[in-house]
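**Q** Provided herewith is a single structure, encoded as structure tokens, for subsequent inquiry.
Computed from the coordinates by the stated procedures, all read-outs in this text should not be read as laboratory data. Every value quoted in this text rests on a predicted model; they were computed, and no experiment measured them. Cβ coordinates were reconstructed from backbone atoms using ideal geometry, including for glycine residues, and neighbour counts include every protein chain displayed.
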Amino acid sequence: MSHQSTYTPGNAFSRWMDERLPVMRLVNDSFVDYPVPKNLNYWWTFGAVLSFCLAVQIVTGIVLAMHYVPTTELAFASVEHIMRDVNYGWLIRYVHSNGASMFFIAVYIHMFRGLYYGSYKAPREVLWILGVLIYLLMMATAFFGYVLPWGQMSFWGATVITNLFGAIPLVGEALRTWLWGDFAVGDPTLNRFFSLHYLFPFLIAGVVVLHIWALHVTGQNNPAGIEVKDPKKDTVAFTPYATMKDAFGLAIFMILFSYFVFFNPNALGEPDNYIVADPLVTPAHIVPEWYLLPFYAILRAVPDKLGGVVLMFGAIAILFVLPWLDTSKVRSARFRPLFKQFFWIFVVACIGLGYCGGQSPDKILIAVGDGGFDVTDLSRILTIYYFAHFLILFPLLGLIEKPKPLPESIAASVLGSEPAKS
Amino acid sequence: MKNKMIDISRKTGLLALAAAAAIGLPLLATPAGAAGDAVKPIQLDWSFEGVFGVYDRDALRRGYKVYKEVCAVCHSAELVRFRNLMEPGGPEFTEGQVKALAADIVVVDGPDDRGEMFERPGEPKDRFPSPYPNDQAAAAAMGAAAPDLSVIAKARPDGVNYLYSLLVGYTDAPEGFELLPGLSYNTYFPGHVLAMPRPLSDGQVEYEDGTPNTVEQMAKDVTHFLMWTAEPKLEQRHRLGFQVMIYLVLLSGFLWFAMRKVWSDQH
């Protein structure tokens, strides 16, 4: 859906500029004239929401970095100094800490939308892969960031995650020491995590540029999952149509965001992180932030440490090859009755894994005699389903499923000219 | 018309999802395992809870007295400075009162221009004094260092209710429960056995405003005070939050109508 530029410089200066650096042409073609399918629903506003989240995290993060001190001695106190003595420091810090959660809420909705409407399929494979790469970078950034306040969960979370690398055969121990910069998580670790936490958002921003570039080459997928045929009938201009809709969606999202920041700022965090890190005291339950819990559950579901690490990273790695696992030519789950049902089962499985990741692994869910069905058992079943969904169901469904008839065009699907509605 | 209906139902779906996220995420984030064998704390109504929640100045002032006379004997609250006591949204003592409170302590300062450390009376800029110079000294004197109380109200699950319950939860150990000497039994402490002896007894702290100084009242007041030391900007946060919400709701409304207007030529 890449289109011919319709930009005409309006005055002498923009004509002069257009012949030297056509940046206004780029903005016009990308965000004003850019044609978007007219049937996009609100699940498509999360791209704008995510751009907003990234900008908020970078701006608040830069201000926080002006006051934060990355040493084990002063990190906790410097965060509290921000909360108490810096003008509106409490606001900036709570926006940043809750902003991470909001970013992940938005990215999960964005990804599940892509799964539901088949947005990863040809010709959007590279677009999807860049998205998964952003997600991976986000998780790394969030992990580094969570270590910085140097509370108990910061320290023990960092210890658990870096120890995973110790499970790698032969080089594991050496690699772990190299990551720590010491023989345990300490000052050098905190210092480099701060450095990387500052760097990674700019890597994300770079990949976001590629992601949007790839998007503008192929054009957006849409709820009907069919390509644009006649741009005049099937699409509308990005501005004002999509911009207004995105603005409205973003305003609603900001209400949710503000609820957490102003009225429940610590609900998504762990109380233990308000205790200064103490290498001699292990918390009763070490848990990561909510958005990493499903992967934590997969890690713990495997009795073997190395196996757990492999499956945990495998759970993310599998997303990269998704476009080639799906054998169905039909994109949107609207026209795939079987796929649609399994999509929702997959959503439930992911939420279930998140639940398991937050619970003590030996917690009994269904008591039978002395033992029973515990959290570890549940996470094993859900882990198997997670992988089976992609490795077995994705190839299989495309072969056995009989899709519903697709609408003739996007315009036809909007006007409701399908037989059922006429 | 039918399209519109579908459209609206989708929108409500999205809102419902946002609401579900608001309610469900904290549940997901709470490690239920952490509660484990712990007893659910007594649930009280606190004036600082809710959208319009504010601190009760009198409770904060009484709570400060309990903190100073009881807690501060063993605990520190290093993140709090005397000047915080006169800032808006806190106990709001007068400047004179705060100077007098601060002047009661002795602070080691320096070095002066001869390179000597010297002692001076405390000033509003100084931190609350710590009973011991470091954790090792505290552990040597008490068996275990008592935790700093500055942010304790946020550092425990169900923070304020837990603190209150802990303070009123001291009882004799149940029959057959073996308690080592020097330890105490508490209904609400995870595992029930803790090193901190019962800190409060009826009539212990003299209240100047005539409030009955029962254990429950003192526990409530000092918990109120510790919530303030943990969240000194809570009132400012609630006030600004309410304004932001009004703004966002209005903005969403205007954007909704503007969007309908823009899209009207497409339907």
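**Q** About the Cα centre, and with charges only on the beta carbon of Lys, Arg (+1) and Asp, Glu (-1), how big is the dipole of the stretch A:169-257? Nearest 20 debye, please.
**A** 300
**Q** Which FRET efficiency value, to the nearest 0.05, do you get for A:Ser195 and A:Ala284 by plugging their Cβ-Cβ distance into 1/(1 + (r/R0)^6) with R0 = 25 Å?
**A** 0.20
**Q** What distance in nm separates the two pseudo spin-label positions at B:Ala137 and B:Gln43, each 7 Å out from Cα along the beta-carbon direction?
**A** Calculated label separation equals 4.4 nm.
**Q** Would you tell me the mean number of C-beta atoms belonging to other protein chains that fall within 10 Å of each C-beta in A:77-85, as a whole number?
**A** So the per-residue partner count for this stretch is 3.
**Q** How many angstrom separate the Cα center of the stretch A:251-301 from the Cα center of the stretch A:314-331?
**A** 30
**Q** Dipole magnitude of the stretch A:234-365 about its Cα centre, charges +1 at Lys/Arg Cβ and -1 at Asp/Glu Cβ only, in debye to the nearest 20?
**A** So the magnitude is around 680 debye.
**Q** Turning to a different aspect of this structure: What number comes out for the charge environment of A:Thr189, summing +1 per Lys or Arg and -1 per Asp or Glu over other residues with Cβ under 11 Å away?
**A** 0
**Q** Sorting A:Thr6, A:Thr189, B:Thr187 on the 10 Å Cβ count, fewest up front, what's the list?
**A** Exposure proxy ranking, most exposed first: A:Thr6, B:Thr187, A:Thr189.
**Q** Using a Förster distance of 51 Å, how high is the FRET efficiency between A:Tyr88 and B:Ala195, based on the Cβ-Cβ distance and rounded to 0.05?
**A** 0.80
**Q** Rounded, prolate or oblate: which fits the stretch A:144-209 when a ≥ b ≥ c are the square roots of the eigenvalues of the alpha-carbon gyration tensor, with rounded for a/c under 1.5 and prolate only if a/b beats b/c?
**A** The shape class here is oblate.
**Q** Next question. Give me the one-decimal nm value for the distance between modelled label points at B:Glu123 and A:Asp370, 7 Å along each residue's Cα-to-Cβ direction.
**A** Distance between label points: 6.8 nm.
**Q** Of all the stretches in chain B, which is the longest one without any exposed loop site, taking GluC sites (Glu not before Pro) in a DSSP loop (any state but H, G, I, E, B) with at most 10 other Cβ atoms within 10 Å?
**A** B:1-115
**Q** Using alpha carbon centroids, what distance separates the stretch B:168-199 and the stretch B:134-151, in Å?
**A** 19
**Q** Same structure again: Looking at the square roots a ≥ b ≥ c of the eigenvalues of the Cα gyration tensor of the protein assembly as shown, which shape do they give, rounded for a/c under 1.5, prolate if a/b is larger than b/c, or oblate?
**A** Because a/c hits 1.5 or more and a/b exceeds b/c, the protein assembly as shown counts as prolate.
**Q** Still on this structure: Scan chain B and hand back the longest stretch that contains none of the chymotrypsin sites (Phe, Trp or Tyr not before Pro) lying in DSSP loops with at most 14 other Cβ atoms within 10 Å.
**A** Formally, the longest exposed-site-free interval is B:53-176.
**Q** Can you list the chymotrypsin sites (Phe, Trp or Tyr not before Pro) in the stretch A:180-228 that are in a DSSP coil and have 12 or fewer other beta carbons within 10 angstrom?
**A** Filter output for the stretch A:180-228: A:Phe183.
**Q** Can you list which of the trypsin sites (Lys or Arg not before Pro) found in the stretch A:244-329 are DSSP loop residues with at most 15 other C-beta atoms within 10 Å?
**A** Filter output for the stretch A:244-329: A:Lys329.
**Q** Please identify, among B:Asp45, B:Asp113, B:Asp135, the residue showing maximal mean-square fluctuation in a Gaussian network model of chain B using a 10 angstrom Cα cutoff.
**A** Top of the fluctuation ranking is B:Asp113.
**Q** If you add up the charges near A:Lys305, with Lys and Arg at +1 and Asp and Glu at -1, over every other residue whose beta carbon is less than 14 angstrom from its beta carbon, what do you get?
**A** 0
**Q** Hey, if you put +1 on the Cβ of every Lys and Arg and -1 on every Asp and Glu Cβ in the protein assembly as shown, which of A:Thr45, B:Pro174, A:Phe144 ends up farthest toward the positive end of that dipole?
**A** A:Thr45
**Q** Distance check, please: which entries in A:Lys233/A:Lys402; B:Lys65/B:Lys233; B:Lys68/B:Lys125 exceed 24 angstrom between their Cα atoms?
**A** Cα-Cα > 24 Å for A:Lys233/A:Lys402; rest within.
**Q** Averaged over peptide B:258-266, how many Cβ atoms belonging to another chain are found within 10 Å of each residue's Cβ?
**A** For this peptide, the per-residue mean of nearby foreign Cβ atoms is 4.
**Q** List, in order, the whole-Hz ³J(HN,Hα) value for each residue of the stretch B:194-206 obtained from phi through the Karplus relation with A = 6.51, B = -1.76, C = 1.60 and θ = phi - 60°; use x for Gly and Pro.
**A** Once θ is set to phi - 60°, the couplings for the stretch B:194-206 become 9, 7, 6, x, 3, x, 10, 9, 3, x, 5, 9, 6 Hz.
**Q** Out of A:Leu130, A:Leu399, B:Gly241, whose Cα points farthest toward the positive end of the dipole of the protein assembly as shown (charges: +1 Lys, Arg; -1 Asp, Glu; placed on Cβ)?
**A** So the residue we want is A:Leu399.
**Q** For the stretch B:83-155, which trypsin sites (Lys or Arg not before Pro) are in a loop by DSSP, counting at most 14 other Cβ atoms within 10 Å?
**A** Here the trypsin sites (Lys or Arg not before Pro) that fit, given the DSSP loop and packing criteria, are B:Arg114, B:Lys125.
**Q** Sticking with this one: Amide H of A:Glu289: which non-local residues (sequence gap of 5 or more, or other chain) have their own amide H closer than 5 Å, using H built in the peptide plane?
**A** Answer set, sorted by chain and number: none.
**Q** Restricting to Cα pairs below 8 Å that are 6+ residues apart, what does the relative contact order work out to for chain B? Please round to a whole percent.
**A** It rounds to 23 percent for chain B.
**Q** Nothing charged except the Cβ atoms of Lys and Arg (+1) and of Asp and Glu (-1): what's the magnitude of the dipole of the protein assembly as shown about its Cα centre? Round to the nearest 20 debye.
**A** With Lys and Arg at +1 and Asp and Glu at -1, about 3840 debye.
**Q** Same structure, new question: Where does the charge balance sit around A:Ser5 when Lys and Arg score +1, Asp and Glu -1, over other residues with C-beta under 12 Å from its C-beta?
**A** -2
**Q** Also, I was wondering about something else. Would you mind pulling out the separation of the Cα centroids of the stretch B:86-119 and the stretch A:1-64, in Å?
**A** 55
**Q** Something else about it: Please compute, for peptide B:238-250, the average count of beta-carbon atoms on other protein chains lying within 10 Å of each residue's beta-carbon.
**A** 4
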